[in-house]
1. Condition first: open to solvent by less than 30 Å² (accessible area, probe 1.4 Å) and hydrophobic (A, V, I, L, M, F, W, C). Now tell me which residues in region 128-153 satisfy that.
2. How many residues are within 20 Å of Q329 (Cα to Cα) and either assigned to a helix (DSSP H, G or I) or in contact (Cβ under 8 Å) with a residue 60 or more places away in the chain (or both) when one looks only at region 270-280?
3. Output the number of the condition that D104 fails; it satisfies all remaining conditions of (1) of a type outside the set (S, T, Y); (2) at pLDDT 95 or above; (3) touching a strand residue (DSSP E or B) at 6+ places or on another chain (Cβ under 8 Å).
4. So which residues in region 124-171 are touching a strand residue (DSSP E or B) at 6+ places or on another chain (Cβ under 6 Å) and either closer than 14 Å to L112 by Cβ or charged (D, E, K, R) (or both), if there are any at all?
5. Kindly indicate whether any position in region 277-296 is within 23 Å of N186 (Cβ to Cβ) and in contact with a Gly (Cβ under 8 Å, 6 or more places away or on another chain).
6. Give the residue that is farthest from the chain's Cα centre (by Cα), with candidates limited to residues of region 101-119 that are closer than 16 Å to R243 by Cβ and open to solvent by less than 30 Å² (accessible area, probe 1.4 Å).
7. Take residues that are among the small types (G, A, S) and surrounded by fewer than 18 Cβ atoms within 10 Å (Cβ to Cβ) and tell me which of the helices (runs of 4 or more DSSP H) falling wholly in region 281-370 contain 1 or more.
8. Only one of F288, F381 is touching a Leu at 6+ places or on another chain (Cβ under 6 Å) and at pLDDT 95 or above. Can you tell me which?
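The values are calculated or read from the model by the stated rules, or taken from the named source; none is laboratory data. Fair warning: this is a prediction, and the values are worked out from it, not measured in the lab. Cβ sites come from the backbone with ideal geometry, for glycine too, and all protein chains shown count toward neighbours. The accessibility values were calculated without ligands, DNA or RNA, using every heavy atom of the protein model including side chains. Shrake-Rupley method; radii C 1.70, N 1.55, O 1.52, S 1.80 Å.
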Amino acid sequence: MKFNVSLIIAFFTVCMVKAQSITLSEQAEISVLTFGPGTSLNDAFGHNAFRIKDRTNRIDFVYGYGQYDFDAPNFYLKFARGKLNYLISKHKYPNIYYHYSSYDRTIEEQVLNLSVTEKQKLFNYLEHNYRPENRGYLYDFFFDNCATRIRDVVQINSDNKVNYNFDNSTQGKTFRDLIYEHVDKNTWGSFGIDIALGSVIDKEATLYEYMFLPKYISSSFENADFNKSEKLVKSSAILYQSRSTDKSSNFLFSPVLILGLFSVLIIYITYKDFKKKQRSKWLDIILFSLTGLVGLVLVLLWFATDHTATAYNYNLLWAFPFNLILLIQVFKPQTKKWVKPYLKFLLIMFCLMTMHWILGVQVFAITLIPLLLALVVRYVFLISTFEKN
């Protein structure tokens, strides 16, 4: 057994040394691949990767910075806390082409206009990154991801500064606006993003920062040059064109319908309670549990993680963690004196949320509106009910 393990280690060591010693031929090409969006949330934004092609050395590899290891210790805890390392991957190009084309995702290629020396430097850089001790990096969705790494690696290994001749007609978008370009507002993915991410993503992004999205890597590279002379991209081609044109979502299970129906139910039960002069305690338990738990998660995302985008989240103005304390009072026929002022405080919080929305401090999920209106109606009813007690 020890002998077999030693052979395996020796084999991989030889392979790594061989890869590091490869000298690319003059015919070698390095290109940037841009993969179109997929159907699930984790691939809705697309992907970028490098392709190293050298027929003389029989090389055709794809390197990407978007892989993660589900077997990593405490994977989900690290993911939630923003401490998960992503990995650089290396695959044979035919396998990558088969994978993305089988999922009907567009594949675009941009061959970079690099010198022989620059190609060798970039290839060596990727191989060095692919070593086990160098593969991991602390992922950040907006500032250090599979797209920004492509941009940065090109600049690091270029002898001249890359100038991005941005299209100024696209400026003025916030990070949230850019997310909406890939995720429909009436989807659970968009709803979750709008709940979890704070006001920091409602600031205007620079055109350079747009490149956290793969499609802007493609468009920015297309217009870029070296010192206002040579173009960064030598040639472009579509290697596979997606055949799908259906981008519609299932309305029957969409947030606006589900939350809308839930909100109508809340208002209907509140109306029945008002007419019968009673209080459906089970409904209040659900509402205060829901808003309290969501608020608790938001507080943890803000203060207990390394995620930069979850800070200053004013969804706490409606999802207030202290609502969990009200659960004790909900069961009682006679509540404490502080409950009524607390409910009035919650209404003030709704007013503050509206001001934040109008002033553009933070954009909230538009599908929340029915639920927020229903909560206001319920809180007003509870205030009037407790005043009579």
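1. Across region 128-153, the qualifying residues are F142, C146, A147, I150, V153.
2. Qualifying residue count, region 270-280: 4.
3. (3)
4. Correct list: L126, R135, R149, I150, Q155, N160.
5. Checked against the condition, which is being within 23 Å of N186 (Cβ to Cβ) and in contact with a Gly (Cβ under 8 Å, 6 or more places away or on another chain), region 277-296 yields no hits at all.
6. So, considering only residues that are closer than 16 Å to R243 by Cβ and open to solvent by less than 30 Å² (accessible area, probe 1.4 Å), the one farthest from the chain's Cα centre (by Cα) is S101.
7. 281-303
8. Residue meeting the stated conditions: F288.
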